[in-house]
Amino acid sequence: MGLFSKNNNDDDDSEEEIEYVLFQGATSGKEANLEENQKLAAAGLPLAKEVVTDALALRAEMFKVEPQGPKALVTFFVDGMKRPGPRLPIQKANALVQILKLLGGGDIKVRDKPQRCGLKAEYRDLPFELTIKTRPAPPAKGPKAPPAEQLTVVFRNTKTKRVVPEDIGMPEVVKSKVRHYGKSNSGIVLIVGPPESGLTTTALCALRCVDSYMYQCYIIGDLGTRTVLNVPVFEQEEGHTLEHTFLRIQRNEGNLVYMAELTDPAVVKDVIQGSTEMTFMSEMYARDAADGITKFVELVGNPALAAEQLRMVVSHKLIRKLCPKCKEAFRPNPKLLAQVGLPEETETLYRKARPPEPDEKTGELPEPCRACDGAGFRARAAVFEMIDVTEGMKAVIAGGGDSAAIRKQAKEEKQLNFQKDALRLVLDGSTGLDELQRTFAPPGGPRRKKKPARRRPPE
Ligand SMILES: [Zn+2]
């Protein structure tokens, strides 16, 4: 690998030749002018190739570059876990950010505003799409500190296409509800999840639940290079308001409109209005379904109206899958099965391989598993949660209930939650109970018992 595994041993003739990533141009088709930016290309291109190659070799789904004073920290994310990368001098980091912007069709002159662009690449014969996002970093201390930018690069392997609900393991109960509301010509279906969790993939898979040959669906917004079979992007005409566009869609016999992420109250207002005649489906960043609902209510500004038009919220989370090469089978005891709610006849579950024992004679540790690099996990799978806006749920939302009240109602109605859905992956051996515990533990670790308040001394 590149940057941080340089082989200094010149005598070692087993050294493999590094296979670097190939950059293949901006996803927008905009050509990068390297001639005019020779200095930047010389400073940034080799470094960009090295960092991106390192990330791909690690199977990272994302990496970040964060300036910290005179240095910038590179962090790789592999299956959602942080892996520290190299610390770069700030000038080098700036060159890395700028060259990726240039290659991805961004504007290198603009450094004080967030930007987003895309770059196609190939690594070991696999096609990738890099989403490049930059934003100005908080100003560093010191009078002469140059402006710096934070960089996030998200990878998507465009060969492993996840385009239908089955590709991401969407449960039947979710599919049938989306299908049901998708053909009702009214209401709003929200797909929510954390940032950088493949939310658009899940949302587009949900869209595929609706039969687009029976029901005319349109997309509004930019999906980059992604397309959905038989669902065209509806071109907004210049000067047309969103309201006007929705009317045009209706005249084109549209039944369902898929909107890019909802963040703007003005847009939400139009969507609410439009959702009396057509179904709307949209994505939104939120921690879970209940959180998504409260965010949506806030955007609408009127809990009763929000409750009236919202039909359902689907939320996803990614959990790590056990490495198929080194996972360990075990026979669970009945108490454990009862505790987590698994069928009592379950005979085999799997867990992460225990750390290898050193060799008795030599004391050396055996080579870690090659498939997962000793991590015990490889790749991730989605688990789902769904809140169907039933009459009971509608009342809670309309009454201004917070996330906790919504969660409580969903629990009472036995709606699908993450933990319940995740057991499906435990049962089929894809993941283990420890991973579930790690993913769903309350923030800040397990809740501790409160210490009794110290009694005040009598005055
Ligand atoms: Zn392994």
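Looking at (1) outside any loop (DSSP other than H, G, I, E, B); (2) surrounded by 15 or more Cβ atoms within 10 Å (Cβ to Cβ), can you tell me which one ALA32 breaks?
(1)
Quick check on segment 416-435. Is at least one of its residues loosely packed, with under 12 Cβ neighbours inside 10 Å and either more than 16 Å from the ligand (Cβ to nearest atom) or at negative phi (or both)?
Within segment 416-435, one or more residues are loosely packed, with under 12 Cβ neighbours inside 10 Å and either more than 16 Å from the ligand (Cβ to nearest atom) or at negative phi (or both).
Taking segment 382-393, which residues are surrounded by fewer than 16 Cβ atoms within 10 Å (Cβ to Cβ) and either within 16 Å of the ligand (Cβ to nearest atom) or part of a helix (DSSP H, G or I) (or both)?
GLU391, GLY392 - these are the residues of segment 382-393 that are surrounded by fewer than 16 Cβ atoms within 10 Å (Cβ to Cβ) and either within 16 Å of the ligand (Cβ to nearest atom) or part of a helix (DSSP H, G or I) (or both).
Limited to segment 202-222, what total is found for residues that are under 16 Å from VAL189 (Cα atoms) and either among the hydrophobic types (A, V, I, L, M, F, W, C) or crowded, with 20+ Cβ neighbours inside 10 Å (or both)?
Total satisfying the criteria: 13.
Do you know which of the residues in segment 305-327 that are within 16 Å of the ligand (Cβ to nearest atom) and farther than 22 Å from VAL383 by Cβ is surrounded by the fewest Cβ atoms within 10 Å (Cβ to Cβ)?
Step by step, filter segment 305-327, then rank; the result is LYS325.
Just wondering, is there one or more residues in segment 188-196 that are farther than 23 Å from LEU73 by Cβ, assigned to a loop (DSSP other than H, G, I, E, B) and not basic (Lys, Arg)?
no
Go through segment 269-381 and tell me which strands (runs of 3 or more DSSP E), entirely inside it, have 1 or more residues that are under 30 Å from ALA206 (Cβ atoms).
Hits in segment 269-381: 279-285, 310-322, 349-351.
Return the residues of segment 335-353 that are touching a residue at least 40 places away in the same chain (Cβ under 8 Å) and within 16 Å of the ligand (Cβ to nearest atom); say none if nothing qualifies.
Hits for segment 335-353 are TYR350, ARG351, LYS352.
For segment 356-381: of the residues being among the hydrophobic types (A, V, I, L, M, F, W, C) and touching a residue at least 40 places away in the same chain (Cβ under 8 Å), which is farthest from the ligand (Cβ to nearest atom)?
It comes out as ALA381.
Quick check: is even one residue across segment 265-272 under 29 Å from the mean Cα position of the chain (by Cα), of a type in the set (Gly, Ala, Ser) and surrounded by 15 or more Cβ atoms within 10 Å (Cβ to Cβ)?
No, because not a single residue in segment 265-272 is under 29 Å from the mean Cα position of the chain (by Cα), of a type in the set (Gly, Ala, Ser) and surrounded by 15 or more Cβ atoms within 10 Å (Cβ to Cβ).
When residues of segment 101-129 are filtered for being more than 19 Å from the chain's Cα centre (by Cα) and crowded, with 21+ Cβ neighbours inside 10 Å, how many remain?
6
Restricting segment 410-444 to residues that are over 21 Å from the mean Cα position of the chain (by Cα) and within 17 Å of ARG287 (Cβ to Cβ), which is modelled with the lowest pLDDT?
Within segment 410-444, the match that is modelled with the lowest pLDDT is GLY444.
The values are calculated or read from the model by the stated rules, or taken from the named source; none is laboratory data. Note that this is a predicted model, so its numbers are computed, not measured. Ideal geometry is used to build each Cβ from the backbone, glycine not excepted, and the neighbour counts take in all protein chains shown.
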